[in-house]
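Taking it in order: structure first as structure tokens, then the write-up.
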Amino acid sequence: MQIELDNQTISSFTDLNTLDLNDLRRAVRKTGYFKGNSVATNYLSKIDCIKVIEPYVLNNFDAAEHAANCLINGEKVEEIPATPPQPTPQPTPQNSADNALTIAIANALQATGFSAPKAEIDESKVIELIKQHATPAIKQIEVKQISGDFKNVGLQHKFFPQLLQLATARLNVWLYGPAGTGKTSAAKAVADALELPFGFVAFSRQSSKGDLFGIRDARGEYHESQFVRVYRDGGVILLDEIDCANDNVLKSLNAALDNGFAVTPDGVIEKHADCIVIAGANTVGNGADAEYSAAQQIDASTLDRFFFLHWPVDEAFEAALIGAAKADESADTLRGSDVPTKEQWLHVVRSARRNGSANRVWISSRAVRDGAKLIGAGVCLKDLCTGLIWRGHAKDVQGMLYTIGNARA
């Protein structure tokens, strides 16, 4: 299938080598697989583009569509066969006499209940090979500016492209997930990517309308808030810990989120076209639980004004941030006085996280990042676990989370 691009026709892989990145992205849009997600093509690398275009021009449309869907969903593109795999041909007896003898022997064995032994698969070895050789894909995010230039915003969470797409559409986003998964830094990265100012409001039960809309002091002077500044002048505003806010305060935010204007002590202001509102939360607004006891139940009228985007731990991103290739299970053989490598510490944190999640003890990515800093300062494994894993829990909980080298000192 040919792709017409201005005065050039793309019909082979050779033609792709003559195109720059912008032309490749335009060619990807021509395939039609990114309808409704055209903004996603702005983040494709040259290799990503070729993975869609090459099978398309070779009429392998299934492979082209598969590659496009993987890229839209932020997944690694795995090759799929162009045609169904053919069965391996079996050897044929040389003559009819051999064939008859083979059939007779097979029938005799079957009558006795005999069956050929099956090859056994060592499941533990298969899992180990997968862990050794599987490398999760981490994307460098590249954003096209209004000027036409491209800005690289570096390594980001696997769902960052979707967050950026929602921000580009100027939707209010409720970003929810466990503590320490990078929600705040993701909101800041959106502002950097779009070259907009960044504002921040941290909520608690004591937060007031003044934190949102500003106050007048005793002399009658108006002091505007960061929310007012971003709302009026444009930018990205993060409403952090929004699920800990007083629900009555949030009700006063509803009109500003949906109707394009806000009432402040200094009068009515209009919402700027480039105002982007992102809320950071640990819950979806249904109230407190065993892990997030300060969370409040949020009124449905406020929740209805947001697009909800889950922000879980991204383990590949987590490892990339500390420069670790993969988790190293040899950490389980260390003594408490040993200083682990970053890879070994990554294994310790993930083991503790898995063990703790079933018992409502959350070990966040902050333990990974803070531990990596302390390893650089020569802190031993026992001290790392004491401050970042065990954190004052009872001895039985500490043992449940992680035991150093079978309790060796």
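The values are calculated or read from the model by the stated rules, or taken from the named source; none is laboratory data. Since the structure is predicted, the reported quantities are computational estimates derived from the model, not experimental observations. Here the Cβ positions follow ideal geometry from the backbone for every residue, glycine too, while neighbour counts run over all protein chains shown.
Key figures for this structure:
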read-out	value
Meets criteria (surrounded by fewer than 17 Cβ atoms within 10 Å (Cβ to Cβ) and over 21 Å from Ala290 (Cα atoms)) for Ser330	yes
Index of the failed condition, Ser337 passing every other in (1) under 26 Å from Gly399 (Cα atoms); (2) crowded, with 17+ Cβ neighbours inside 10 Å; (3) of a type outside the set (Asp, Glu)	(2)
Given (1) within 20 Å of Thr184 (Cα to Cα); (2) among the aliphatic types (A, V, I, L, M); (3) assigned to a strand (DSSP E or B), number of the condition Val268 does not satisfy	(1)
Matching helices (runs of 4 or more DSSP H) fully within the stretch 304-409 where at least 2 residues are within 30 Å of Ala279 (Cα to Cα)	315-321, 342-357, 365-376
Number of positions in the stretch 232-272 that are within 19 Å of Leu171 (Cα to Cα) and free of Cβ contacts under 8 Å to residues at least 12 places away in the same chain	4
Residues of the stretch 160-187 that turn out to be within 29 Å of Val368 (Cα to Cα) and either more than 18 Å from the chain's Cα centre (by Cα) or surrounded by fewer than 16 Cβ atoms within 10 Å (Cβ to Cβ) (or both), as a count	2
Considering residues of the stretch 1-50 that are assigned to a loop (DSSP other than H, G, I, E, B) and within 26 Å of the chain's Cα centre (by Cα) only, the residue modelled with the lowest pLDDT	Gly36
Lone unmet requirement of (1) of a type in the set (Val, Ile, Thr); (2) under 19 Å from Asp383 (Cβ atoms); (3) in contact with a Leu (Cβ under 8 Å, 6 or more places away or on another chain) for Thr302	(2)
